[in-house]
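> Dropping the structure in here first, questions after.
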Amino acid sequence: MALQLLVVGASGVVGRNILRHFETRPEWDLIGLARHQLEFDTRARIVSLDLQDAAGCEAAAEQFKDVTHVIYCATYEKENLLAGWLQADHADINVAMLRNLMGPLRRHAFGLQRVLLLQGTKAYGAAAGTFKVPAKEDDPRYLAPNFYYGQEDFIRDAQAGASWTWCALRPQFVCGFALRSPMNGLSGLAIYAAISRELGLPLRFPGGTSRIMEATDSRLLAAATEWALTTPACAGEIFNIVNGDCFTWDSLWPKIAKAFGIETAPAAPARLARIMPSKADVWQRIVDRHGLRQHTLQELVPNWGMVDYLLGYKTPPEPMILSGLKARRYGFNGFIDSEQMFLDWIDILRNDRIIPA
């Protein structure tokens, strides 16, 4: 039977790199679902659809009749990103989006084999505070509203008695690139460094007390989705997917500064969400002088609050570490050096003319 993959949320940091990963797999026919037109080349057939529109999802379902596998990485986020994670309607809307898609999909895609949900550390309570170290997939839920729980409960109920199966992956701080993505912390970090250099400033760390951290390269996560979709033993299971090592901003910061050719200076904690939106004209000057792609600061970093969160500005210094052992036991052994990952992505952003050389 032919394999057809539907990537839901294809324009985001996760979905974009999943499409690029599967581009090299000729046995897969690809469909990308997104609200916006994609600004990058892909052989995937692109379907524009708003998942909050139940009638629109029903009308589009015929286009998915040959789908065999689904990767669901679409999210609805509020303008006040972090506060929104703890609001009940944030969870309700995200669950409704999955339901709006899966209802008609199940009635049309008779060859459906597996549905993969993308989750994250909010499943362990990251939105409400710190959590047990290391977090493991069978840790109990917590009380605050959480759309991962609602989506998981829905997909379990929908799958009961069906021939298809489901699974879920939980990465930590996904690093990659996408436009208009409120979860895109890496672009914010790179642009903060580029603007500091443009203004003749050293690279000051704007976050809080350094803590031990983990990350997940979006390329590694994309490889993990292929494994999870095609490994029979993954059915009905949840897996943490992380690079396999830890880092601190203290150790990484000088290397980022060196990559941009600037010096470091003593840390200066500052809320970037308050400071950086006013630097749109500085960014445009950089774009014009270096011949970069004409992306506005708002398009590249729509929410600086995510960058503040990742850098630990006024957040607890306790580590947020996931155990990656379960995925290894089931056969996924991918890994990447996290410090090298940051440097790699800086090079990728330069090569793609997103940031200056």
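The values are calculated or read from the model by the stated rules, or taken from the named source; none is laboratory data. Keep in mind it's a predicted model, so treat the numbers as computed, not measured. Cβ: placed from backbone, ideal geometry, glycine included. Neighbour counts: every protein chain shown.
> Among the residues of region 269-298 satisfying the criterion of being within 28 Å of Phe247 (Cα to Cα) and of a type in the set (D, E, K, R), which is surrounded by the most Cβ atoms within 10 Å (Cβ to Cβ)?
Step by step, filter region 269-298, then rank; the result is Arg271.
> Across region 331-343, what is the total count of residues that are surrounded by 15 or more Cβ atoms within 10 Å (Cβ to Cβ) and either free of Cβ contacts under 8 Å to residues at least 60 places away in the same chain or more than 23 Å from Phe177 (Cβ to Cβ) (or both)?
Total satisfying the criteria: 1.
> Next up: Just for helices (runs of 4 or more DSSP H) wholly inside region 159-270: which have at least 1 residues that are under 26 Å from Ile321 (Cα atoms) and more than 24 Å from the chain's Cα centre (by Cα)?
It comes to 249-259.
> Among the listed residues Phe147, Phe131, Phe154, identify the single one that is touching a His at 6+ places or on another chain (Cβ under 7 Å) and among the hydrophobic types (A, V, I, L, M, F, W, C).
Phe147
> Sticking with this structure for a sec: Filter region 317-336 down to the residues that are assigned to a helix (DSSP H, G or I) and closer than 16 Å to Ala215 by Cα and list them by number.
Leu325, Ala327
> Tell me, which residue of region 34-72 that is under 26 Å from Arg293 (Cα atoms) and within 18 Å of the chain's Cα centre (by Cα) is modelled with the highest pLDDT?
Restricting to residues being under 26 Å from Arg293 (Cα atoms) and within 18 Å of the chain's Cα centre (by Cα), the top hit is Ala34.
> Would you pick out the residues in region 316-335 that are in contact with a Ser or Thr (Cβ under 9 Å, 6 or more places away or on another chain) and farther than 18 Å from Trp253 by Cα?
Once the filter is applied, which keeps residues that are in contact with a Ser or Thr (Cβ under 9 Å, 6 or more places away or on another chain) and farther than 18 Å from Trp253 by Cα, region 316-335 yields Pro316, Glu318, Met320, Leu322, Tyr330, Gly331, Phe332.
> Additional query: Suppose the filter is among the aliphatic types (A, V, I, L, M) and buried (at least 18 other Cβ atoms within 10 Å of the Cβ); does Leu116 pass it? First the steps, then the outcome.
On the way: among the aliphatic types (A, V, I, L, M): yes; buried (at least 18 other Cβ atoms within 10 Å of the Cβ): yes.
Here the answer is yes, as Leu116 does meet what is asked.
> Do we have Tyr309 as assigned to a loop (DSSP other than H, G, I, E, B), hydroxyl-bearing (Ser, Thr, Tyr) and touching a residue at least 24 places away in the same chain (Cβ under 8 Å) here?
no
> Shifting gears a bit: In this structure, does Gly261 turn out to be at positive phi and outside the structural domain of Trp304 (by TED's automatic domain parsing)?
It is false that Gly261 is at positive phi and outside the structural domain of Trp304 (by TED's automatic domain parsing).
> Of the numbered conditions (1) closer than 30 Å to Tyr309 by Cα; (2) of a type in the set (Phe, Trp, Tyr); (3) surrounded by 14 or more Cβ atoms within 10 Å (Cβ to Cβ), Phe40 fails exactly one; give the number of that condition.
Every condition holds for Phe40 apart from (3).
> Still on this structure: From the list Arg285, Arg293, which one is part of a loop (DSSP other than H, G, I, E, B) and assigned by TED's automatic domain parsing to the domain that holds Ile195? Talk me through it step by step, then tell me what you get.
Details: Arg285 fails: part of a loop (DSSP other than H, G, I, E, B).
Selected residue: Arg293, the only one of Arg285, Arg293 that is part of a loop (DSSP other than H, G, I, E, B) and assigned by TED's automatic domain parsing to the domain that holds Ile195.
> Ok, one more. Counting residues that are in contact (Cβ under 8 Å) with a residue 60 or more places away in the chain and over 22 Å from Pro302 (Cα atoms), which strands (runs of 3 or more DSSP E) fully inside region 1-103 reach at least 2? Walk me through how you get there before you give the answer.
Numbers: elements: 3-8, 28-34, 45-48, 69-72.
Ranges flagged: 3-8, 69-72.
> Testing Leu310 on (1) in contact with a strand residue (DSSP E or B) (Cβ under 9 Å, 6 or more places away or on another chain); (2) surrounded by 15 or more Cβ atoms within 10 Å (Cβ to Cβ); (3) farther than 25 Å from Asn80 by Cβ, one condition comes back false. Which one is that?
Result: Leu310 passes all but (3).
> Which of the residues spanning region 136-175 are on the phi > 0 side of the Ramachandran plot and in contact with a Ser or Thr (Cβ under 8 Å, 6 or more places away or on another chain)?
First, pick out the residues of region 136-175 that are on the phi > 0 side of the Ramachandran plot: 161, 173.
The one that is on the phi > 0 side of the Ramachandran plot and in contact with a Ser or Thr (Cβ under 8 Å, 6 or more places away or on another chain): Phe173.
> Limited to region 249-276, what total is found for residues that are farther than 21 Å from Ile212 by Cβ and of a type in the set (Asp, Glu)?
Summing the residues that are farther than 21 Å from Ile212 by Cβ and of a type in the set (Asp, Glu) in region 249-276 gives 1.
> I've got another one for you. Every residue in region 179-207 that is over 22 Å from Glu299 (Cβ atoms) and touching a strand residue (DSSP E or B) at 6+ places or on another chain (Cβ under 9 Å), please.
Within region 179-207, Leu201, Pro202, Leu203, Arg204, Phe205 qualify.
Table: residues versus (1) charged (D, E, K, R); (2) out of contact with any helix residue (DSSP H, G or I) (no Cβ under 7 Å at 6 or more places or on another chain); (3) in the same structural domain as Glu299 (by TED's automatic domain parsing).
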residue	(1), (2), (3)
Val13	no, no, no
Trp28	no, no, no
Arg35	yes, yes, no
Asp41	yes, yes, no
Asp50	yes, no, no
